[in-house]
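The values are calculated or read from the model by the stated rules, or taken from the named source; none is laboratory data. Keep in mind that what you see is a predicted model, and the values were worked out from it rather than measured. Note that each Cβ is placed from the backbone with ideal geometry, even for glycine, and that neighbours are counted across all protein chains shown.
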Amino acid sequence: MSGTTPVVQGRGIVKRYGHVTAIDHSDFELRQGEILAVIGDNGAGKSSIVKAICGATIPDEGEILIEGKKVNFNSPIDARNMGIEIVYQQLAMSPALSIADNMFMGREIRKKGFMGKYMRQLDRPAMEKFAREKLTELGLMTVQSINQAIETLSGGQRQGVAVARAAAFATKFIIMDEPTAALGVKESRKVLELIQDVRARGIPIILISHNMPHVFEVADRIHVHRLGNRLCTIDPKDYTMSDAVAFMTGAKEPPKEGTA
Amino acid sequence: MSEANQSAKEFESAASRTETVAAFEDHRRGVLGRLQHLLHVNPSFVPLIVLVGAILIFGLLLGSKFFSPFAMTLILQQVQIVGIVAAAQSLIILTAGIDLSVGAIMVFSSVIMGQFSFRYGIPVPIAVMCGLAVGTLIGALNGWLVSRVKLPPFIVTLGMWQIVLATNFLYSANETIRSQDIEANAPFLQFFGTKFSIGGATFTVGVIFMLALIFVLAYALKHTAWGRHVYAVGDDPEAAELSGVNVHRTLMSVYMLSGLICAFAGWALIGRIGSVSPTSGQLANIESITAVVIGGISLFGGRGSILGSLFGALIVGVFTLGLRLLGADAQWTFLLIGLLIIAAVAVDQWIRKVSG
């Protein structure tokens, strides 16, 4: 473990659904400035553990520390208020609304003074300027207009806006749940580049993915989840994709020390 | 697993061929495509064209008989009730719902205002406030059933329509409060019917209220966070929730506001017909939905402008008066309105193709 405090630390997390134990005393660690991929077979509980970290489910046991401080999230909104952003596979956007509207959905900026305070008027120029800046930073300003409806964008562009939204508001880290699963090859490529751009800005990322080539391309470390627990954490430079799949499915014993 | 490595390399080579993925491809071509885009951005454009066209055609056919301040403002007076109820209906339909109980809430609220004043002798302003509160409360009940119990809005409001209407008849004992009695003892109930003239044009408080209401709602829907949330919830409630919108609170606010607006419509109804009658306003449901649909608000939610509903209500008013002045059978009005409804929904489908 490096000298700095991990961004997220989960200790002995347990989550049961009736008789099923989805997470069984699992640990979790996300370090500063890294992309941590979380892989695991279907039903291994990789979504469950990430949901526990972002407040979407409340764990039955264990503790979660963010930058060394214990947190108890009751909803994803709590996590969001702490600067944790999530990018979903299914593109959580309102198709008929504009790019700017979508970027600020749920955290709109109001005008100052009378118009904002009493008339509750939105400060569109400020929101549009911010949205344009953020998209330009990530090289996404090939879209025609910031007021274009989301539904006029391609799948890759939409996911680009989602990543830009997360990057714009995340101060702690970003969780990406299968961000490329709904996309074609070209569009996945663009999103992978975006993910690396975001890391270059110093924001750590938790990437949940089934796609081994994508994981091995961008991840600094890989958290292998199996049967509700962290099996091991490996460095993608030391192992091949087939090794990772073998750990995931139980075909191969994990490395003893288990840390990379 | 060298296969995976192999396919990874194929991905790479396939992917590296194109560099600007986010480049915008303009797939819309020609005049028709431009029109489709224009309507996509301004969905109330179609009803506005139809409205202006209808006024011009009737004006040409009827001359000054139709094209006068008096006739124009008469149309406004005739559509005021439908216009107010259509504003409430628009809010609900923008959230991808439908409200079949608007007419019943309106009538029941007006009955409460009347009976509270006459049966219990409650001061009229307080009786009016009770009517407004009851409307809001019924709206809240609708909202709670839709948002928390997750029942379909169609079913909830179909049931509420029957419940409220039956309560209305039971409570009022089917009794009408006569216009003369109201005028003598509780003129405040007829406040919305207060008339004033500017030139040859006659306005009522109800007409001004309808116009002001539509403009305030148009502002709120376009320029406040609440308005954006209403559209987002109607567009895709799950996506809205994931983006951090409080879907429950938004739906509750919409249904409660809709109930309140219907209660105001009930007050305006007393001003319009003079009396308090539990059997009035039976067509408000269908007429409000007609105005909203002709106004270009999508029944699938999240698309359209409330100004369109005003235009929709006015179109119906213009057709009704124009055809009557022409001496045509009233059935021609219904026939034309029917055609307009189907045409409006067809246009909506065509506009929505832009997302396909």
Original post:
Out of the residues in the stretch A:144-161 that are under 28 Å from B:ALA218 (Cα atoms) and part of a loop (DSSP other than H, G, I, E, B), which is farthest from the other protein chains (Cβ to nearest Cβ)?
Top reply: A:ILE146
Subject >> Conditions (1) surrounded by 20 or more Cβ atoms within 10 Å (Cβ to Cβ); (2) within 14 Å of chain A (Cβ to nearest Cβ); (3) over 25 Å from B:LEU145 (Cβ atoms); number of the one not met by B:ILE270 >> reply: (2)
Subject >> Lone qualifier among A:ALA251, A:ALA260 - being within 14 Å of chain B (Cβ to nearest Cβ) and at pLDDT below 90 >> reply: A:ALA251
Original post:
Does B:SER101 satisfy the criteria of being in contact with a Leu (Cβ under 9 Å, 6 or more places away or on another chain), more than 20 Å from B:THR176 (Cα to Cα) and either among the acidic types (Asp, Glu) or surrounded by fewer than 24 Cβ atoms within 10 Å (Cβ to Cβ) (or both)?
Top reply: no
**OP:** Please indicate, with yes or no, whether at least one residue in the stretch B:215-226 is closer than 20 Å to B:GLY266 by Cβ and crowded, with 21+ Cβ neighbours inside 10 Å.
**Re:** yes
Subject >> Breaking point among (1) in contact (Cβ under 8 Å) with a residue 24 or more places away in the chain; (2) over 30 Å from B:ALA218 (Cβ atoms), for A:ALA100 >> reply: (2)
Original post:
Considering B:GLY301, B:GLY327, B:GLY296, which residue is closer than 16 Å to B:LEU39 by Cβ and modelled with pLDDT under 95?
Top reply: B:GLY296
Original post:
Could we say that A:ILE146 is within 20 Å of A:ALA92 (Cα to Cα), over 21 Å from the mean Cα position of the chain (by Cα) and β-branched (Val, Ile, Thr) here?
Top reply: yes
Subject >> Residues that are in contact with a Leu (Cβ under 8 Å, 6 or more places away or on another chain) and within 15 Å of A:ILE66 (Cβ to Cβ), drawn from the stretch A:11-28 >> reply: A:ARG11
Original post:
Just for the stretch A:123-143: of the residues that are out of contact with any helix residue (DSSP H, G or I) (no Cβ under 6 Å at 6 or more places or on another chain), within 9 Å of chain B (Cβ to nearest Cβ) and on the phi < 0 side of the Ramachandran plot, which one is modelled with the highest pLDDT?
Top reply: A:ARG124
Original post:
Of the residues in the stretch B:298-353, how many are within 14 Å of another protein chain (Cβ to nearest Cβ), assigned to a helix (DSSP H, G or I), of a type outside the set (D, E, K, R) and over 20 Å from B:LEU48 (Cβ atoms)?
Top reply: 0
Original post:
Which residue out of A:GLU187, A:GLU178 is at positive phi and charged (D, E, K, R)?
Top reply: A:GLU178
Subject >> Residue list for the stretch A:105-118, restricted to those being facing another protein chain (nearest Cβ under 8 Å), part of a loop (DSSP other than H, G, I, E, B) and of a type outside the set (Asp, Glu) >> reply: A:MET105, A:GLY106, A:ARG107
**OP:** Would you kindly identify the helices (runs of 4 or more DSSP H) lying entirely within the stretch B:144-254 that contain at least 1 residues that are within 14 Å of chain A (Cβ to nearest Cβ)?
**Re:** B:205-223, B:225-235, B:237-242
Original post:
Within the stretch A:78-90, can one find any residue that is under 22 Å from A:PRO6 (Cβ atoms), more than 9 Å from every other protein chain (Cβ to nearest Cβ) and of a type in the set (Val, Ile, Thr)?
Top reply: yes
**OP:** Of the conditions (1) in contact with a Phe, Trp or Tyr (Cβ under 8 Å, 6 or more places away or on another chain); (2) farther than 30 Å from A:MET103 by Cβ; (3) of a type in the set (Val, Ile, Thr), B:ILE341 clears all except one; give me its number.
**Re:** (1)
Subject >> Among the residues listed as A:ARG132, A:ARG165, the single one being over 18 Å from B:SER243 (Cα atoms), in a helix (DSSP H, G or I) and under 25 Å from the mean Cα position of the chain (by Cα) >> reply: A:ARG132
Original post:
Is it the case that A:LEU231 is within 15 Å of the chain's Cα centre (by Cα), away from chain B (no Cβ under 14 Å) and either at pLDDT 90 or above or under 25 Å from A:HIS25 (Cβ atoms) (or both)?
Top reply: no
**OP:** Being in contact with a strand residue (DSSP E or B) (Cβ under 9 Å, 6 or more places away or on another chain) and either touching a residue at least 40 places away in the same chain (Cβ under 8 Å) or not in a helix (DSSP H, G or I) (or both) narrows it down to one of B:ALA268, B:ALA263, so name that one.
**Re:** B:ALA268
Subject >> Single residue of A:ARG189, A:ARG199 found to be buried (at least 16 other Cβ atoms within 10 Å of the Cβ), away from chain B (no Cβ under 14 Å), part of a helix (DSSP H, G or I) and more than 9 Å from the chain's Cα centre (by Cα) >> reply: A:ARG199
Original post:
Which condition number does B:GLY131 fail, the rest of (1) within 22 Å of B:LEU217 (Cβ to Cβ); (2) of a type in the set (Gly, Ala, Ser); (3) surrounded by fewer than 24 Cβ atoms within 10 Å (Cβ to Cβ) being met?
Top reply: (3)
Original post:
Picking from B:ILE286, B:ILE315, B:ILE306, which residue would you name as being without any contact (Cβ under 8 Å) to a residue 24 or more places away in the chain, closer than 30 Å to B:SER110 by Cβ and within 16 Å of the chain's Cα centre (by Cα)?
Top reply: B:ILE286
Original post:
Does A:ILE174 meet the test of being in a strand (DSSP E or B), closer than 23 Å to A:ARG132 by Cα and in contact (Cβ under 8 Å) with a residue 60 or more places away in the chain?
Top reply: yes
